[in-house]
Ligand code: SF4
Ligand code: SF4
Ligand code: SF4
């Protein structure tokens, strides 16, 4: 099974596609590893992110479809947000659809002349003109794309961008099958720059299972499935879902409120996971191949007439989006949060980044750094309607102010002032004001995400201010997460997939690794990813941790700035050493 | 005899664990389609999911159209396929009133539910169940 990856390469400039065979599985495993390998092969390191030659890559892993929770696709691209190599992970049906279309990865290069949709299955490839979808929101776009080729209802995955992506907003996202996303780092704008409005993947073929290992495969599958459906650790994602974290984090004084002016608020009840579940939860859905089903869909009911006339919509919610457009913007009602999430969804923005950017804008307006002439909307914490208006301005780049804000809060702060209170750690912060380790970890993290190293968890441990232990924790976690993301599994499945289970699972489908071999593969992928990131302009010493993070108070008390700065310096060195392990090949 | 019923599809979360289990265990395949139970969303995920599965008709309309008697009625409803007799004409798939027979273009074989119940334990939301077939219910 150690054969080369089968990759569909589409050039939108030439309107041509071809099937290529790329390297070996043993070297790249898949997912994050494969994406990095393909990126080095196809990217032009010296061009900017919007240059037509830059590839947009979607890669799945060796276990995709074969095991439960192996349900993610890794998207990689040159980030419009910071000009560096970036990854974003999405689920829905995308991963299995790509598997059943017969490819390990999709690489898109070039730029279409007119707005285009790429549709393909195992026996067809269509590059379709969809200029008539220009400016259409995510929902209307989805409706039209469902009528395009390949026509195969039920087993397709539809990726699409909204106005934010078309307008190249630096944190535009890609919507996957209505309720999942490639968020953060601007994947939506990367697609927008290619004039690529949508991708339809039809998973229409079947694969034979390897007969020699079938018995073993079924056994391993059964035991993993059992762990997932019976272990409480995974089940919690189904019950209240990730929003179960809101109350605990608020109690820990670790939930960012109103642009991180505080970390705790008595009004938490209004937007807690419990409130969402009791008042608004309609149902849960799952990514294809995942029995957990953590995707929570809420009911947004809106009165539109004088009489009792209502319309309703279904909006998905999660911990991070609730933080982004909820606590961070001082919105304290669950329906207010859903209203904003629906808007964010419709426009195709990343919910965390958009929320945090508007939180900065709100404080900037309060402080008189910017005026309502610039913000147009009368931004005020808690004012849902003002934020609805602002989101439209933001995705439409309506004036200079929103043009700058669309490049990130810190970017706008460079222009207008107010850098001290821009809650940006490499990109707009995720929802964990847990302490120094997390701030450093997001600021320097590979994806600038809380998921890079899970340091928010380490912050809650006793040795939380022991630098050696912290760095070891972060590096160990990064190792594991690269393994998980190269297998292209959902990080919620961590409990079911310790390293030894990966080795068994891989072996049961004919991919044999010894422990040492797997370690070597993962460490080489790690070095490779970091080397590309440095090569595309990552300068950790230039990444600031704005003053607001030093003012934060958690349950541990005030931020220990001294520890934080020392940790940052040390971690920078560690990352440089990691990247130095990789040697680029001459092209 | 017991038959498979997708009784609680309103509960379905669209994980495809059932289809994947059938494909894996019965058809030795990794597939969304080569499975006796196939899950579809009906026009976007917001509308929920439906299952396409053999209803175990008794008598089954698919069996008599088979020109080679490869497909035979089973006692209690449904059909059995004798693979070696099948000439891949796909008449059975056309005859099924609820589209429960999928004619697999890759291996030119009809795929349908054999009411073995192997998918049931893989459904995390108890959408599926094995129930007594109509024949077993005593006349009142
Ligand atoms: S746990 Fe949630 S995000 Fe992860 S694969 Fe399952 S449904 Fe998707
Ligand atoms: S496809 Fe095979 S089983 Fe179906 S009707 Fe034709 S011969 Fe009979
Ligand atoms: S296993 Fe159950 S919940 Fe999952 S797709 Fe099948 S019927 Fe739906």
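The values are calculated or read from the model by the stated rules, or taken from the named source; none is laboratory data. Note that the coordinates shown come from a computational prediction; the quantities given were computed from them, not determined experimentally. Cβ atoms come from the backbone with ideal geometry, glycine included; neighbour counts cover every protein chain shown.
Taking strands (runs of 3 or more DSSP E) that do not extend beyond the stretch A:98-149, which have at least 1 residues that are surrounded by fewer than 20 Cβ atoms within 10 Å (Cβ to Cβ) and touching a strand residue (DSSP E or B) at 6+ places or on another chain (Cβ under 6 Å)? Even if it seems obvious, please write down each step before you answer.
On the way: elements: A:105-109, A:116-120, A:125-129.
Passing ranges, in order: A:125-129.
Here residue B:106 clears all of (1) within 20 Å of residue A:206 (Cβ to Cβ); (2) within 13 Å of ligand 3 (Cβ to nearest atom); (3) at pLDDT below 95 except the condition numbered (2). Applying the criterion of being within 13 Å of ligand 1 (Cβ to nearest atom) and in a helix (DSSP H, G or I) to the residues of the stretch A:464-495, the residue that is farthest from the other protein chains (Cβ to nearest Cβ) is A:485.
Does residue A:70 meet the test of being outside any loop (DSSP other than H, G, I, E, B) and either at pLDDT 95 or above or more than 14 Å from every other protein chain (Cβ to nearest Cβ) (or both)? Lay out the reasoning, then the answer.
Values: outside any loop (DSSP other than H, G, I, E, B): no; either at pLDDT 95 or above or more than 14 Å from every other protein chain (Cβ to nearest Cβ) (or both): yes.
Criteria not met by residue A:70.
Looking at this structure, is residue A:441 in a loop (DSSP other than H, G, I, E, B), modelled with pLDDT of 95 or more and in contact with a helix residue (DSSP H, G or I) (Cβ under 8 Å, 6 or more places away or on another chain)? Steps first, please.
Details: in a loop (DSSP other than H, G, I, E, B): no; modelled with pLDDT of 95 or more: yes; in contact with a helix residue (DSSP H, G or I) (Cβ under 8 Å, 6 or more places away or on another chain): yes.
No: the conditions fail for residue A:441.
The condition (being touching a residue at least 40 places away in the same chain (Cβ under 8 Å) and more than 16 Å from ligand 1 (Cβ to nearest atom)) is satisfied by just one residue among A:284, A:261: A:261.
For the stretch A:245-259, name all the residues that are assigned to a helix (DSSP H, G or I) and either within 16 Å of ligand 3 (Cβ to nearest atom) or surrounded by 18 or more Cβ atoms within 10 Å (Cβ to Cβ) (or both). Please lay out each step first, then the result.
Looking only at the stretch A:245-259, we keep the residues that are assigned to a helix (DSSP H, G or I), and these are A:245-251.
Listed by number, the residues that qualify are A:245, A:246, A:247, A:249, A:250.
Exactly one residue out of B:48, B:36, B:78 is surrounded by 20 or more Cβ atoms within 10 Å (Cβ to Cβ) and either under 30 Å from residue A:145 (Cα atoms) or within 16 Å of ligand 3 (Cβ to nearest atom) (or both): that is B:36. Here the stretch B:75-94 is the region considered, the condition is being under 14 Å from the mean Cα position of the chain (by Cα) and modelled with pLDDT under 95, and the residue that is nearest to ligand 1 (Cβ to nearest atom) is B:78. Checking each residue of the stretch A:224-238 against the condition of being within 14 Å of chain B (Cβ to nearest Cβ), surrounded by fewer than 18 Cβ atoms within 10 Å (Cβ to Cβ), within 26 Å of the chain's Cα centre (by Cα) and within 16 Å of ligand 3 (Cβ to nearest atom) gives at least one match. Reported count of residues in the stretch A:287-315, each being assigned to a loop (DSSP other than H, G, I, E, B), within 16 Å of ligand 3 (Cβ to nearest atom) and more than 9 Å from chain B (Cβ to nearest Cβ), is 1.
Is it the case that the stretch A:343-352 has a residue that's modelled with pLDDT under 95, in a loop (DSSP other than H, G, I, E, B), more than 14 Å from chain B (Cβ to nearest Cβ) and over 23 Å from residue A:456 (Cα atoms)?
There is no residue in the stretch A:343-352 that is modelled with pLDDT under 95, in a loop (DSSP other than H, G, I, E, B), more than 14 Å from chain B (Cβ to nearest Cβ) and over 23 Å from residue A:456 (Cα atoms).
Only one entry of B:121, B:97, B:105 meets the criterion of being within 14 Å of chain A (Cβ to nearest Cβ), over 12 Å from the mean Cα position of the chain (by Cα), surrounded by fewer than 18 Cβ atoms within 10 Å (Cβ to Cβ) and within 20 Å of residue B:3 (Cβ to Cβ), and that entry is B:121. Of the candidates A:23, A:46, the single residue that is over 25 Å from residue A:198 (Cβ atoms) and in a strand (DSSP E or B) is A:23.
Output the strands (runs of 3 or more DSSP E) that fall wholly within the stretch B:1-53 and possess 2 or more residues being more than 16 Å from ligand 2 (Cβ to nearest atom) and in contact (Cβ under 8 Å) with a residue 40 or more places away in the chain, or say none.
Details: elements: B:2-5, B:38-41, B:49-52.
Result: B:2-5, B:49-52.
Comparison of A:278, A:261 shows that the only residue that is away from chain B (no Cβ under 12 Å), more than 24 Å from residue A:391 (Cα to Cα) and either modelled with pLDDT under 95 or out of contact with any strand residue (DSSP E or B) (no Cβ under 8 Å at 6 or more places or on another chain) (or both) is A:278. Could you list, in sequence order, all residues of the stretch B:1-20 that are away from ligand 1 (no atom under 16 Å from the Cβ) and surrounded by fewer than 22 Cβ atoms within 10 Å (Cβ to Cβ)? Answer for the stretch B:1-20, where residues must be away from ligand 1 (no atom under 16 Å from the Cβ) and surrounded by fewer than 22 Cβ atoms within 10 Å (Cβ to Cβ): B:1, B:2, B:5, B:6, B:7, B:8, B:9, B:10. Counting only residues that are in a helix (DSSP H, G or I) and in contact with a helix residue (DSSP H, G or I) (Cβ under 6 Å, 6 or more places away or on another chain), the stretch A:542-569 holds 8 of them. Of the residues making up the stretch A:202-220, those that are modelled with pLDDT of 95 or more, more than 11 Å from chain B (Cβ to nearest Cβ) and in contact with a helix residue (DSSP H, G or I) (Cβ under 6 Å, 6 or more places away or on another chain) number 2. Tell me, which residue of the stretch B:4-18 that is in contact with a strand residue (DSSP E or B) (Cβ under 6 Å, 6 or more places away or on another chain) and near ligand 3 (Cβ under 7 Å from one of its atoms) is farthest from residue B:36 (Cα to Cα)? Among those that are in contact with a strand residue (DSSP E or B) (Cβ under 6 Å, 6 or more places away or on another chain) and near ligand 3 (Cβ under 7 Å from one of its atoms), it is B:13. Hey, among B:14, B:36, which residue is on the phi > 0 side of the Ramachandran plot and either in contact with a helix residue (DSSP H, G or I) (Cβ under 9 Å, 6 or more places away or on another chain) or at the interface with chain A (Cβ under 9 Å from one of its Cβ atoms) (or both)? After applying the criteria, what remains is B:14.
I'd like to check something: does the stretch A:51-58 contain any residue that is in contact with a helix residue (DSSP H, G or I) (Cβ under 6 Å, 6 or more places away or on another chain) and either more than 30 Å from residue B:15 (Cβ to Cβ) or within 16 Å of ligand 1 (Cβ to nearest atom) (or both)? Yes.
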